[in-house]
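Undergrad: Submitted below is the structure of interest, expressed as structure tokens.
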Amino acid sequence: MKMNLVKTALLASMIVASGSLFAAENGLIAIITPSHDNPFFKAEADGAAAKAKELGYTVLVASHDDDVNKQNQLIETAIARKAKAIILDNAGADATVGPLEKAKTAGVPAFLIDREINKTGIAVAQIVSNNYQGAQLGAEKFAKLLNGKGKYVELLGRQSDTNAHVRSQGYHDVLDDYTDMKMVAQQTANWSQTEAFTRMESILQTHPDIVGVISGNDTMALGAEAALKAAGKNNVIIVGFDGSDYTRDSIIKNSNIKATVLQPGWQQAQMAVEQADYYLKNGKAQKEEKQLMDCMLIDESNASKLSMFNLSK
């Protein structure tokens, strides 16, 4: 009886071991994003890792913290470890071109999410949210919330990030048509909650009569909200961009943040892994390189359905 139990245990361990070997058989996928302190980037990394493991890959998950040199080192590491593919939310539209050319030469295909680079033909896919379309949704809601009038502030993302410029353009192609709305300050807070808090504190000293803040992302929107609350300004309206759970909670509580724009980060990251898997198995791209995913407005009507950058039906 004891011998049978031992044999059963050994067989079970062999099955587990062979299962692990099978799971790793497809090779390594490197997943590189900005800092996971930002919940959007963490959701990207988690979504990509979950899909890669489901498809039988091992994963290397790392953050470049928007540091180009660190990103280059991580890409070098992926090449050295003979990664089958790289899933990347990059640290600079221009600075990333060279490292990805090197990866391509080494036979490591790249699948970009969230942020584009300023060159085609290097990455197999560039899957990004339709930032312009999303920004227009946010701007239209912002103008409606402000009744089309009043002084407002815009907080911009990192200057090296294409998304920062596209979102700002989308905002202004709507807001500039409202002659009774006046932008009194436009400052870069580099996607950072801490920087947004500091910028907002400074802006309020010069422009205490603002009625709204439109932000390039939710993290900066949260920093602005904190500064406004500290100044006792609970009626200044904020609209963000990303669709984080933190802004969802602010919307539900009827706090300063009244709306945000959801870009489906989790879904986007999983699509990139699925396309990497297709490419590796078929030797060709599943779809054209440039791919846009439409964004959705999140406000009091649907905020309760939002979770982890995904909107339930």
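Undergrad: It is to be established whether one or more residues within region 206-214 are open to solvent by 10 Å² or more (accessible area, probe 1.4 Å), in a helix (DSSP H, G or I), in contact with a strand residue (DSSP E or B) (Cβ under 9 Å, 6 or more places away or on another chain) and over 30 Å from ILE86 (Cβ atoms).
TA: yes
Undergrad: Within region 227-261, how many residues are touching a Phe, Trp or Tyr at 6+ places or on another chain (Cβ under 7 Å) and either free of Cβ contacts under 8 Å to residues at least 24 places away in the same chain or closer than 22 Å to GLU116 by Cβ (or both)?
TA: 5
Undergrad: Another one. Among the listed residues THR194, THR120, identify the single one that is under 30 Å from GLY283 (Cα atoms), among the hydroxyl-bearing types (Ser, Thr, Tyr) and open to solvent by 70 Å² or more (accessible area, probe 1.4 Å).
TA: That would be THR120, the only listed residue that is under 30 Å from GLY283 (Cα atoms), among the hydroxyl-bearing types (Ser, Thr, Tyr) and open to solvent by 70 Å² or more (accessible area, probe 1.4 Å).
Undergrad: I'd like to verify a number: residues in region 62-111 that are open to solvent by 10 Å² or more (accessible area, probe 1.4 Å), of a type in the set (A, V, I, L, M, F, W, C) and part of a helix (DSSP H, G or I), how many?
TA: The qualifying residues number 5.
Undergrad: Looking at the structure I just gave you, is MET181 surrounded by 17 or more Cβ atoms within 10 Å (Cβ to Cβ) and more than 28 Å from the chain's Cα centre (by Cα)?
TA: Spelling it out, MET181 is indeed surrounded by 17 or more Cβ atoms within 10 Å (Cβ to Cβ) and more than 28 Å from the chain's Cα centre (by Cα).
Undergrad: Could you please give the count of residues in region 262-313 that are part of a loop (DSSP other than H, G, I, E, B) and more than 25 Å from PHE241 (Cα to Cα)?
TA: Final tally of qualifying residues: 6.
Undergrad: Within region 257-279, is even one residue of a type in the set (D, E, K, R) and under 25 Å from ASP299 (Cβ atoms)?
TA: yes
Undergrad: On to the next question. Please determine whether any residue of region 36-53 is without any contact (Cβ under 8 Å) to a residue 60 or more places away in the chain, more than 19 Å from ASN217 (Cβ to Cβ), open to solvent by 20 Å² or more (accessible area, probe 1.4 Å) and of a type outside the set (Val, Ile, Thr).
TA: Yes, some residue in region 36-53 is without any contact (Cβ under 8 Å) to a residue 60 or more places away in the chain, more than 19 Å from ASN217 (Cβ to Cβ), open to solvent by 20 Å² or more (accessible area, probe 1.4 Å) and of a type outside the set (Val, Ile, Thr).
The values are calculated or read from the model by the stated rules, or taken from the named source; none is laboratory data. Remember, predicted model here, so these are calculated numbers, not experimental data. For neighbour counting, all protein chains shown are included, and Cβ atoms are generated from backbone atoms with ideal geometry for every residue, glycine included. Ligands, DNA and RNA are excluded from the accessible area calculation, which covers all protein heavy atoms including side chains. Shrake-Rupley method; radii C 1.70, N 1.55, O 1.52, S 1.80 Å.
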